[in-house]
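Here's the structure we're looking at; comments come further down.
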Amino acid sequence: MADTKIISEVTGSVWKVLVVVGDAVETDTPVILIESMKMEIPVLAPEAGLVSEILVAVGDPITEGQAVVTLKT
């Protein structure tokens, strides 16, 4: 199994974490919601896998290109 980092495409703050370690996700499953410019923007899994690590917490500021979740694929 390989590790895949799920990357945020926007700058903002973590509004909600939608997964926990051990969850199975499919391609395009929302894993994190980011609040940016008063909008909720989902961060989607690029492929199917198991959540192995959550790298952010609710309220954390994040930047474009930052890894937010690690998947075992």
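Tell me the net charge near Asp23. Cut-off is 12 Å between Cβ atoms, Asp23 excluded, with +1 for each Lys or Arg and -1 for each Asp or Glu. Can you show the working numbers first?
Details: positive: Lys72; negative: Glu26, Glu53.
That works out to -1.
Per residue and in Å³, how big is the convex hull formed by the alpha-carbon atoms of the chain?
Working: hull volume 4.8 nm³, N = 73.
Taking the convex hull of the Cα positions in the chain, it is 66 Å³ per residue.
Checking the cross-link filter: which lysines have an alpha carbon closer than 21 Å to that of Lys72, excluding same-chain neighbours under 8 positions apart?
Leaving aside lysines fewer than 8 places away in the same chain, those within reach of Lys72 are Lys5.
Put Lys72, Lys5 in order of accessible area, largest first, 1.4 Å probe: what do you get? Please report the intermediate quantities before stating the final value.
Numbers: Lys72 75, Lys5 105 Å².
Order by accessible area, largest first: Lys5, Lys72.
With a 1.4 Å probe and every protein chain kept in, tell me what percent of the accessible surface of region 17-59 is carbon plus sulfur.
Working: 1490 of 2500 Å².
Its accessible area is 60 percent carbon and sulfur atoms.
Over the chain, average the accessible area per residue using a 1.4 Å probe and give it in Å², no decimals. Don't jump to the answer; show the numbers that get you there.
Details: 4200 Å² over 73 residues.
Per-residue value: 58 Å².
The values are calculated or read from the model by the stated rules, or taken from the named source; none is laboratory data. This one's a predicted model, so the numbers in the text were calculated from it and none came from an experiment. With ideal geometry, Cβ positions are generated from the backbone for all residues, glycine too; neighbour counts draw on all protein chains shown. Remember, those area values only see protein heavy atoms, side chains included, never the ligands or the DNA or RNA. Shrake-Rupley method; radii C 1.70, N 1.55, O 1.52, S 1.80 Å.
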